[in-house]
1. Hey, what's chain A come to in accessible area per residue, 1.4 Å probe, Å²?
2. Positive end of the dipole of region A:47-99, charges at C-beta (+1 Lys, Arg; -1 Asp, Glu), about the Cα centre: which of A:54, A:89, A:78 has its Cα farthest in that direction?
3. Among A:260, A:109, A:236, whose mean-square fluctuation peaks in a Gaussian network model of chain A (Cα, cutoff 10 Å)?
4. So, in nm, how far is label residue A:122 from label residue B:156 when the simple model puts each one 7 Å beyond its Cα toward the Cβ?
5. Can you give me the orientation-averaged projected area of the convex hull built on the Cα atoms of region B:157-201, in nm²?
6. For helix B:10-20, what angle does its Cα long axis make with the longest principal axis of chain B, in degrees from 0 to 90 and rounded to 10?
7. Compute, for the protein assembly as shown, the length of the dipole vector about the Cα centre, with Cβ point charges of +1 (Lys, Arg) and -1 (Asp, Glu) only. Units Debye, rounded to 20.
8. As a check on your reading of the symmetry: which chain B residue has its Cβ nearest the axis that brings B onto A, and how far is it in Å?
Protein chains: 2
Amino acid sequence: MPSAIPPVDVQAMESARARQAVLTKPAGSLGRLEDLSIRLAGMTGRLDPPLGDAVVFTLAADHGVAAEGVSAYPAEVTPQMVLNFLRGGAAINVLAREVGARVVVADMGVDADLPADPGLRAVKIRRGTGNIALGPAMTVDEASRAIAAGRELVRTELEAGLDVVLTGDMGIANTTASAAIVCAFTGLSPAVVVGRGTGVDDEGLMRKRDAVGRALAVNAAAIGAGALETLAAVGGLEIAGLVGVILEAASHRKPVIVDGFISGAAALTATAMEPAVTGYLIASHRSQELGHGAVLERLGLAPLLDLDLRLGEGTGAALALPLVRASVRLLNDMATFGEAGVSERAIMVPTTE
Amino acid sequence: MPSAIPPVDVQAMESARARQAVLTKPAGSLGRLEDLSIRLAGMTGRLDPPLGDAVVFTLAADHGVAAEGVSAYPAEVTPQMVLNFLRGGAAINVLAREVGARVVVADMGVDADLPADPGLRAVKIRRGTGNIALGPAMTVDEASRAIAAGRELVRTELEAGLDVVLTGDMGIANTTASAAIVCAFTGLSPAVVVGRGTGVDDEGLMRKRDAVGRALAVNAAAIGAGALETLAAVGGLEIAGLVGVILEAASHRKPVIVDGFISGAAALTATAMEPAVTGYLIASHRSQELGHGAVLERLGLAPLLDLDLRLGEGTGAALALPLVRASVRLLNDMATFGEAGVSERAIMVPTTE
């Protein structure tokens, strides 16, 4: 049973804002970190929310649209990279160790038989999606089950300890499905949304735009029917799983650090289903992928980092985690003007920039 | 005796670049973090330089130009904040604890008698500078001694263990002195360099621009004479100390994470003295202070963060430290395509974006 999304705690935000104003620094001088600490108070209802138990949900699946030649890599890289995650050799493993987070790897729909592994959540809904350029990615029932599976992943981690959720993905051709989702929800054309993903050449980019255009046309009826139907028609199994992860996290008032373009497509879908989810989202970074700016704009979120990343896996989210934690420590651990005996202002009233 | 600045290790950079190309990720997908890991290899001569011993040098001094009404805060805030640093209540203390760095607080020229404290490096050159709008900030000898004191701070920390240097500052009115330095080294006018600092109102900003204009005029002969003379004429004691910190760190091939506008002015001065210093500088963030963009452009550095910070103390540098460490861990700890059995490429050759 999907839980409702509670509204953010406006009173906690007000308390956080008031405390920011009396910390020993010029008003506003910690910039976006001040806003972030205030938003986190709103999400969690606490000025000092615990953020130690950080979990990256790296969800993997394959995409039938890979057959259209839309990726620089063959589909077999999806299961190969899942094994790399399980052995700890991928970028997200390295970053999670560095920032103090754990990685949950889930097979939502990889088109291969993966070996049983204690580190792998085997929740395969089906072996890859259908080719969206020719028809629906999956049935509405499959999309619902993928969302439910994503929710269940979060519930399991809540039992182990979960303070903050980071989203991540792996799936060859999943920037194509994500672009189709973004076009469907924003009305933008493939020309301004479809980018090079892992690095296709000019011809690959043309094939990719063409595939997304055909996906939107052939699935037009489903796209008109609603968010779940859109997700089923042009989405992906890992994207649907991330929708579930985001919805479940927000329902428990857990902050969600959203990775790049694929996670952004999932966040867009989740907010289309439950607008209140937006209050729990933190945009980690601005991806180099062409359409990501439109996603951030639609979500109304300003990213914390802009480092020309385009890897996915949750890497951008992991890199943003230290900033999220730092914002909370600043709010709570800095001395106030009164405590420190520092003159709050004297010569003139600082302008609020 | 000033040490020479060794050139960066081009061979180590080439090795780092070659390794980035075989890690399990699309080429270039870690964006600026790839470049950063390559630059760090060049600085240190190692693909896996230690970065555990990180030291923030937060240097404090007062400025005679505060008498011109150029700051939103009275000069007494400088010693008050030094005491706050020593008690661990300032933003830089909180961030240093959070990211794993230690803070070295030095009195380079605070206009107050500070109590003896084991945490304070008492290297006061003089009690505050002269008012640069009326004459030189200090003598050339005083500037030299401040640089030497900054160098000595680094040497002391090298004995305790020092892998990476972070610069920081505290000094009411020091954005005014920094703006004068930036104007002097770039030839830009105060109108495009002088910003609101801690938050002066429109009238304060006009007074500040006027003061910098007068400082440049009255000190024109010294500014024409060289970098050290310029620093003495319109700089500050903490800025001169930071010049020494930067020069000494680079001479030992230690990476320097440069904070915001004031640290940027010091970096500009250091590179005017020793151009090879630039190879050791990492720009932590783009400050909200108006003239900081010009500093970054002149240094040829792209900042890692852009969070509307304008606090100083070394806070931006501390926030960037996790990214610096992460870049090195990614380079060293990720599996290669060969190790992980991941297809490097197959369908097409990825373009280099």
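1. I get 32 Å² per residue for this part.
2. Most positive-ward Cα: A:89.
3. Its mean-square fluctuation being the largest, the pick is A:109.
4. 6.1
5. That works out to 4.8 nm².
6. 50
7. In total the dipole reaches around 20 debye.
8. Residue plus distance in Å, as requested: B:322, 2.
The values are calculated or read from the model by the stated rules, or taken from the named source; none is laboratory data. In this text the structure is predicted, and so the values were computed from the model without any measurement. Cβ coordinates were reconstructed from backbone atoms using ideal geometry, including for glycine residues, and neighbour counts include every protein chain displayed. Side chains are part of the model used for accessible areas, which takes the heavy atoms of the whole protein and leaves out ligands, DNA and RNA. Shrake-Rupley method; radii C 1.70, N 1.55, O 1.52, S 1.80 Å.
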